[in-house]
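**Student:** What follows is a single structure, and I will ask about it in a moment.
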6 protein chains.
Amino acid sequence: MKLSARNVLPGKVVAVTKGATTAHVKVELSSGVTILSSITNEAVDELALKVGDSVSAVVKSSDVMIGK
Amino acid sequence: MKLSARNVLPGKVVAVTKGATTAHVKVELSSGVTILSSITNEAVDELALKVGDSVSAVVKSSDVMIGK
Amino acid sequence: MKLSARNVLPGKVVAVTKGATTAHVKVELSSGVTILSSITNEAVDELALKVGDSVSAVVKSSDVMIGK
Amino acid sequence: MKLSARNVLPGKVVAVTKGATTAHVKVELSSGVTILSSITNEAVDELALKVGDSVSAVVKSSDVMIGK
Amino acid sequence: MKLSARNVLPGKVVAVTKGATTAHVKVELSSGVTILSSITNEAVDELALKVGDSVSAVVKSSDVMIGK
Amino acid sequence: MKLSARNVLPGKVVAVTKGATTAHVKVELSSGVTILSSITNEAVDELALKVGDSVSAVVKSSDVMIGK
């Protein structure tokens, strides 16, 4: 499936923290910048996310602000 | 002002396209990856955004999905 | 690529309206319910979206409210 | 109150899971498709959400992506 | 319909600007603060939004950041 | 850093509730209206958010709906 989301940033999972319902997944991009993603525990389980996985951080353009 | 948003990605503006009400701003990160941001024309004007500007793409963690 | 987004609703494109920068895509689900998606013109072009296409409407759980 | 949100999908609550601060509510649409919503525990309490309730899943158009 | 969204800010419409597909609606709260909402032209038409209308700006908690 | 987000509502923190991964921060605006923000525990720690702090609730225009 190809997505309309314009931002797909490849990286590696460096941390997975499951909460009661919501998990935090940290992804390190090749540039060294770290992205934090807040998703459901259910998604972490279904994708079997773990440290070292090659993944992409995906963001819809309308969710990106600009700071200057 | 310090923001709660966890994702602040520094880069350079490589394109600004204003529409009728909504503008698209492309930001190239140091890694060469390009981020597309969809914001209001009003914000483009107020921040005086133009090609070459040093900016940050800012994203709240709850707006980041993971693809694997 | 498998996505963390929990909501993937299969349907058919029944309308594509491009604006200056932002496009509206209407998707009819098998149940007859229609979903409206607001995405970039660029995404419409890259996915070559047109009436009759089989697609999925994709929504992150944190973007779903409940009305009662 | 009438809402600007274009997507209002009627269904029945099939699961409510409260976390520490964030709850997950599963809604089954008439088509059999299941929608997951991530909302505050506070909202679950105020709407007194429970299995069997007739509700709607509500989504703003700018939060809907297209996959093809 | 009662909504799970925690933030409902009452005010008056002070401007409606329709674009090609996306409209901007400005709402002045009783405190004098102005809120900008970006919604579909379709929603503006369906709600018949015009200057002077009493409306509410509605925001899901997961879309609110904190700046300090 | 100046932000593209059009909505910056000044107020005072009246409650901070940390969950397992996600925190809820309540901000009272000068008008007496209360805003609920759902952010990461990590952000609460980094901004050292506590009751009484002067902060702003920040919302992107595309995340604001209108109810009438």
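The values are calculated or read from the model by the stated rules, or taken from the named source; none is laboratory data. For clarity, every value in this text was computed on a predicted model and none was experimentally measured. Glycine gets a Cβ as well: all are built from the backbone with ideal geometry, and neighbour counts include every protein chain shown.
**Student:** Working carefully through the options B:34, B:22, find the one that is farther than 29 Å from residue A:48 by Cα and polar (S, T, N, Q). Talk me through it step by step, then tell me what you get.
**Tutor:** Numbers: B:34 fails: farther than 29 Å from residue A:48 by Cα.
Just a single option satisfies the conditions, and that option is B:22.
**Student:** Now, a different point. Only one residue in A:30, A:37 is among the polar types (S, T, N, Q) and at pLDDT below 95. Which one?
**Tutor:** Selected residue: A:30, the only one of A:30, A:37 that is among the polar types (S, T, N, Q) and at pLDDT below 95.
**Student:** Quickly run through region E:39-52 and pick out the residues that are of a type in the set (A, V, I, L, M, F, W, C), in contact with a strand residue (DSSP E or B) (Cβ under 8 Å, 6 or more places away or on another chain) and over 17 Å from residue B:19 (Cβ atoms).
**Tutor:** Once the filter is applied, which keeps residues that are of a type in the set (A, V, I, L, M, F, W, C), in contact with a strand residue (DSSP E or B) (Cβ under 8 Å, 6 or more places away or on another chain) and over 17 Å from residue B:19 (Cβ atoms), region E:39-52 yields E:43, E:47, E:49, E:51.
**Student:** When region B:1-38 is examined, which residues are found to be farther than 30 Å from residue E:18 by Cβ, facing chain E (nearest Cβ under 10 Å) and surrounded by fewer than 23 Cβ atoms within 10 Å (Cβ to Cβ)?
**Tutor:** Hits for region B:1-38 are B:1, B:2.
**Student:** Does region A:13-54 hold any residues that are in contact with a Leu (Cβ under 7 Å, 6 or more places away or on another chain) and farther than 20 Å from residue C:63 by Cβ, and which are they?
**Tutor:** Across region A:13-54, the qualifying residues are A:13, A:16, A:26, A:29, A:31, A:33.
**Student:** Let me ask something additional. Among the residues of region C:39-55, count how many are more than 7 Å from chain A (Cβ to nearest Cβ), part of a strand (DSSP E or B) and either surrounded by 17 or more Cβ atoms within 10 Å (Cβ to Cβ) or among the aromatic types (Phe, Trp, Tyr) (or both).
**Tutor:** Qualifying residue count for the region: 1.
**Student:** What are the residues in region C:21-42 that are in contact with a helix residue (DSSP H, G or I) (Cβ under 8 Å, 6 or more places away or on another chain) and small (Gly, Ala, Ser), if any?
**Tutor:** C:23, C:37, C:38
**Student:** Still on this structure, please answer the following. Among the residues in region B:51-62, are any free of Cβ contacts under 8 Å to residues at least 40 places away in the same chain, more than 30 Å from residue F:48 (Cα to Cα) and more than 10 Å from the chain's Cα centre (by Cα)?
**Tutor:** The answer is yes, given that some residue of region B:51-62 is free of Cβ contacts under 8 Å to residues at least 40 places away in the same chain, more than 30 Å from residue F:48 (Cα to Cα) and more than 10 Å from the chain's Cα centre (by Cα).
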